[in-house]
Each structure stands twice: as structure tokens, then as C-alpha cells.
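The values are calculated or read from the model by the stated rules, or taken from the named source; none is laboratory data. Only a predicted model underlies this, so the values are computations on that prediction, with no experimental measurement involved. Every residue, glycine as well, gets a Cβ built from its backbone with ideal geometry; the counts of neighbours run over all protein chains shown.
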Amino acid sequence: MRVSAILLAVLMMKASDIDERLAKWQPVKMSFDGSGLRPRERQIVQKLVEASQYLDNIYWRQADPEALTLYKSTQDPKLRRLLMIHGSRFDLIDENHPFTGSEPASPGWGLYPKGLTREEIEQYVKQHPEKKEELYSPYTIVERRGGELVGRPYHEVYRPFLEPAAKALREAAGLSDDAAFAEFLRQRADALLVDDYFKSDLLWMDLKDPKFDVIFAPYETYLDEVLGVIVYKRNCCFGKIAAVERYNWLSRGHVRMTRDRNVIDRLSISVVNLVTRPSFRHARNETQVVSLQGNSEQRLGK
């Protein structure tokens, strides 16, 4: 009887903790105003949103695969909402404190095996110098295979998501009247499947005042707290009339005021925001942001 009471008290404390954490986030309903876009341009936006949703699937697996499993299985709507906000079991605005379970956040997140340290990798590379390139590559996931460390390339590990994302980018390219932008999208789609972004990066730099300006590649290293070299999948798009803005201001439709840029920048990836501004170069300063989340949550169930 006493044990049951203790367990009940612990569960109530945990529920209260989740309520407190959720209270820090306020849902914001945002609609998409496509009145400034032609029909084909609205279709381009939808294709970019579709491609971004596949990257969201990858982000969950790179950040906290166990959180994705829990998100799919739990019947607790509050826990599901908190998991969706953070894209992990760890509170990104509370020093990565776990809000479910007691396991601490791994420095390698989903990019390295749990417990693997920088010192262990460096020692392994000294003994196996031929492995350095694959283990230090920004585009590999490090795995243990017995006593061996193996770097698996993104285009192999995440191909089930990258192929449809690339398809959506190519379809967006087919809808564009801007030949240079369309070619960039096609090259970016190809890059996703080989982990070589150099050519498409050059095309992006040469775009001349595009209506849609898309950055759709792994660049940031915040999740890699082991070596600080592995980048993770994210998307970023700005636009002159409509823009898919970097998710710095939002996390899956939930807004919380914070001045910690690292915290904001590490928030999860599924939100695709659209902004109306005279120039995409000022999109980060726009405060009226609308969101096209689409059916990201349904895709996570796959």
C-alpha cells in the first residue's frame, strides 16, 4: 500500500513537471496567405514543405531516436506535445534535462553510439588511420560493430527519406519559371543522394534576387558534442514574396521567448515558415511569421 502511494506520488510529480514545462510554450495558430503568389508558386511552396517534412524525420533520428519511438507509442497527449516541441526527450531550454525517464542526454545524441568519447575516437584513429576520413566526415553516422568503429554516410542511412525529399525538390524545380533557381533545386536534390553539396552551393551563391531562396542541406554541428564535426539535417528557405524561413523563431508551431540563440537554433526542424518581406535578406527580422506544418505528424508515424 505504501509502495503504491509512493509510485502514485512520483507519477503525479512527473505529470506536474510536464505541465510546468508545457506552460512555457504557447500554441500559435498561423495561416498561410498565398494571395501574393501565382498558383504555380503556391505549388512550389507546398513541394518545399513536403521535402522539409522528410528532413524532419531525419532530424528525429539524428537527435533522439528513442524519442521518436516514444512519440509513436505513447497515449499521453501532453507528453506527445512536449516531444514534438523539442524533437527529443530533453528540454532544450533547461540544459537538456530529461522530462521523461531519467537517462541524461548523450553528448553524441543520435550521431554516435552512447558512451563513445572523443578520446576513444582519437585513440581508435591512431590505431586505424585509414578510418579517419569516414569517422571525421561531417556526413556520416558513427556506429560500433563489435570492436570496430564505422562511419555510415547519410545518403545510405537516410535514403528512405532523402529519395522522396529529392523527388519533391525536383518537382518544385519543374514548377519554377526561374531557370537558375530550378537548376539549383535539381542539383540540391542530387546532392542529398551523394552527400556532395559543393556544386549546388555555388549555384545558390549565383542566384540573382530569387523569389524563393532555399538552403536545404546539413550545415550545423550543434548536435555533435563529441567531435563537433558532424552536421545534421535541416532546412532553410527565404523568399522575396513568400519565404520558408529558418526555424530560429519557432519550434513546430510552438513559440517561446528566449534570447539564447543556440537554444533557438537547435530547436527541431519540422516547421516551415512563410514570410512576406520586400527582401529575403531581412526575413530574420520579420515578426509576422506563418507556418505550414502540413502533415508532419502523420509522416512521423511511418
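Select from segment 151-209 the residues that are part of a helix (DSSP H, G or I) and hydroxyl-bearing (Ser, Thr, Tyr) and write down the one among them that is farthest from the chain's Cα centre (by Cα).
Keep residues of segment 151-209 that are part of a helix (DSSP H, G or I), which gives 154-157, 159-175, 179-192, 198-205.
Cutting the leftovers down to hydroxyl-bearing (Ser, Thr, Tyr) gives us 154, 200.
Numbers: 154: 14, 200: 20 Å.
Ranking the candidates gives 200 first.
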For segment 231-239, does any single residue satisfy the condition of being more than 11 Å from the chain's Cα centre (by Cα), modelled with pLDDT under 50, within 24 Å of residue 87 (Cα to Cα) and basic (Lys, Arg)?
no
Give me a count of the residues in segment 210-221 that are without any contact (Cβ under 8 Å) to a residue 40 or more places away in the chain and β-branched (Val, Ile, Thr).
1
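From 178, 195, which residue is modelled with pLDDT under 95 and within 19 Å of residue 45 (Cβ to Cβ)?
Working: 195 fails: within 19 Å of residue 45 (Cβ to Cβ).
Going through 178, 195 in turn, just one is modelled with pLDDT under 95 and within 19 Å of residue 45 (Cβ to Cβ): 178.
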Which residue pairs have Cβ atoms closer than 6 Å, lie 6 or more positions apart in sequence or on different chains, and pair a first residue in segment 97-110 that is more than 19 Å from residue 228 (Cα to Cα) and at pLDDT 90 or above with a second residue that is surrounded by 14 or more Cβ atoms within 10 Å (Cβ to Cβ) and of a type in the set (Phe, Trp, Tyr)?
98/90
Number of the condition not met by residue 144 [criteria: (1) more than 28 Å from residue 57 (Cβ to Cβ); (2) surrounded by 12 or more Cβ atoms within 10 Å (Cβ to Cβ); (3) among the charged types (D, E, K, R)]:
(1)
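Can you find even one residue in segment 3-20 that is surrounded by 19 or more Cβ atoms within 10 Å (Cβ to Cβ), of a type outside the set (Ser, Thr, Tyr) and either modelled with pLDDT under 90 or under 19 Å from the mean Cα position of the chain (by Cα) (or both)?
Just the residues of segment 3-20 that are surrounded by 19 or more Cβ atoms within 10 Å (Cβ to Cβ), to begin with: none.
No, every residue in segment 3-20 fails to be surrounded by 19 or more Cβ atoms within 10 Å (Cβ to Cβ), of a type outside the set (Ser, Thr, Tyr) and either modelled with pLDDT under 90 or under 19 Å from the mean Cα position of the chain (by Cα) (or both).
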How many residues, within segment 152-209, are of a type in the set (Phe, Trp, Tyr) and in contact (Cβ under 8 Å) with a residue 40 or more places away in the chain?
3
For residue 223, which of the numbered conditions (1) buried (at least 17 other Cβ atoms within 10 Å of the Cβ); (2) modelled with pLDDT of 95 or more fails to hold?
(2)
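Which one is modelled with the lowest pLDDT, of the residues in segment 29-62 that are among the charged types (D, E, K, R) and under 12 Å from the mean Cα position of the chain (by Cα)?
The initial filter retains those residues of segment 29-62 that are among the charged types (D, E, K, R), namely 29, 33, 38, 40-42, 47, 50, 56, 61.
Now narrow it down to the ones that are under 12 Å from the mean Cα position of the chain (by Cα): 56, 61.
Details: 56: 86, 61: 91.
Taking the candidates together, the pick is 56.
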